[in-house]
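I have placed the structure first, in the form of structure tokens, so that the comments after it can refer back to it.
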Amino acid sequence: MSASQPAPANSADAALADTAPAGRYAPSPSGDLHVGNLRTALVAWACARSSGRRFVLRVEDIDTQRSSAESAERQLEDLAALGLEWDEVLYQSQRHEAYAQALGRLPHYECYCSRRDIQEAARAPHAIPGQYPGTCRELSAAAREAKRAELAQAGRVPAIRLRAQAREFSVRDRLAGEYTGEVDDFILRRGGNVAQLPEAGPDWAYNLAVVVDDAFQGVDQVVRGDDLLSSAPRQAFLASVLGYPVPEYVHVPLVLNAAGVRLSKRDGAVTLRQLRQTHSVAEVFAYLAASLGSQAREAQELVETWGAIPREPVVFGGL
Ligand code: GLU
């Protein structure tokens, strides 16, 4: 925490400053882990352990429609089967209070726009593709009241957006170097149809949850797929606004299928569970290690011999 923004005592949102720094793996439990997921997990684990860090897991299960407890359990079993060991597991579905506390510390406003409103505003000259045009940023109190009532009539609740004080932010990535990305008034809590909102609580945005949880778990090294590089500037900006240290980023090239597209479950036998029907775990491990330029036969050996992270994506065409 920065000196200017001490966390309140006993806050669920407080960073655990007294725990040793950690690296992490944060899967979404919406299916079995495939070769690409497992390779990223191994890199995250080797980077953390070879640098003397703790290694923590986070089950990113706030999207209740896509997540299941059964899938989370299977993912942890698969990581253990590969020989990974972790110091703790945090479940995002248990963290509503922490996200609410963080929201309370952030400048934010309600947004009443539908997806269509945003798309139409984005067609205006000078609009930056994908960036929220700020339609609801400066509404008067009376206008807000009217919009809120209109939405309530339709059975909907507004989204909540960050009132961002920056247009862009830079992060350091061990592979990509200095990376600058746009920051806009991104969503902190999704709105929508009341009837469709998750029963468990508000529909928190990934960008908020990931930042709050990385700080809470003492994560100072974020290793993940390079499809998330573009979200790093927003997350680092959010961390800095909350007074959290910004982690080091390592965005790892993804595993691709034979057509050069990011590997997915549609590509056939790609999950550990599928591969185990015809191969031993040791064979799958050896393949993953080789794809990282290592001859290691098991997880601890990978840590002990850990070198540079390969910069090129690998193609998986089967074992
Ligand atoms: N849960 C995300 C995923 O499985 C990863 C988020 C992160 O590592 O920051 O794609």
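Just so it is clear, none of the values below were taken in a lab; they were calculated from the coordinates. Here the structure is a predicted model, which means the values were calculated and not measured. For neighbour counting, all protein chains shown are included, and Cβ atoms are generated from backbone atoms with ideal geometry for every residue, glycine included.
For the reader, a short list of remarks on this structure follows.
- At an R0 of 22 angstrom, the distance between the Cβ atoms of Gln119 and Arg148 translates into a FRET efficiency of 0.50.
- What the Cβ-Cβ distance of Gln131 and Thr278 gives, at R0 = 45 Å and to the nearest 0.05, is a FRET efficiency of 0.45.
- Averaging the sequence gap over all C-alpha pairs within less than 8 Å and six or more residues apart, then dividing by the number of residues, gives the chain a relative contact order of 22 percent.
- In degrees, nearest ten, helix 69-81 long axis to first principal axis of the chain (Cα): 30
- Based on the Kirkwood approach, the hydrodynamic radius assigned to the chain is 21.1 Å, with every pair of different Cα atoms included.
- Farthest positive-ward along the chain dipole, Cα basis, beta-carbon charges - from Val314, Val56, Cys136: Cys136
- Angle in degrees between helix 206-216 and the longest Cα principal axis of the chain, rounded to the nearest 10: 70
- Long-range tail of P(r) for region 246-319 (Cα pairs > 17 Å, %): 53
- Each residue in Leu197, Leu263 was given a count of other beta-carbon atoms within 10 angstrom of its own, and listing them fewest first yields Leu197, Leu263.
- Sorted by Cβ neighbour density within 10 Å, fewest at the top, the residues Asp87, Asp226, Asp61: Asp87, Asp226, Asp61
- Taken about its Cα centre, the chain carries a charge dipole of about 700 debye when Lys and Arg each add +1 at the Cβ and Asp and Glu each add -1 at the Cβ.
- Restricting region 262-309 to trypsin sites (Lys or Arg not before Pro) that sit in a DSSP loop and have at most 13 other Cβ atoms within 10 Å of their own Cβ leaves Arg297.
- Looking at the chain alone, DSSP beta bridges between its own residues are antiparallel in about 50 percent of cases.
- Cα centroid separation, region 131-165 to region 240-269 (Å): 33
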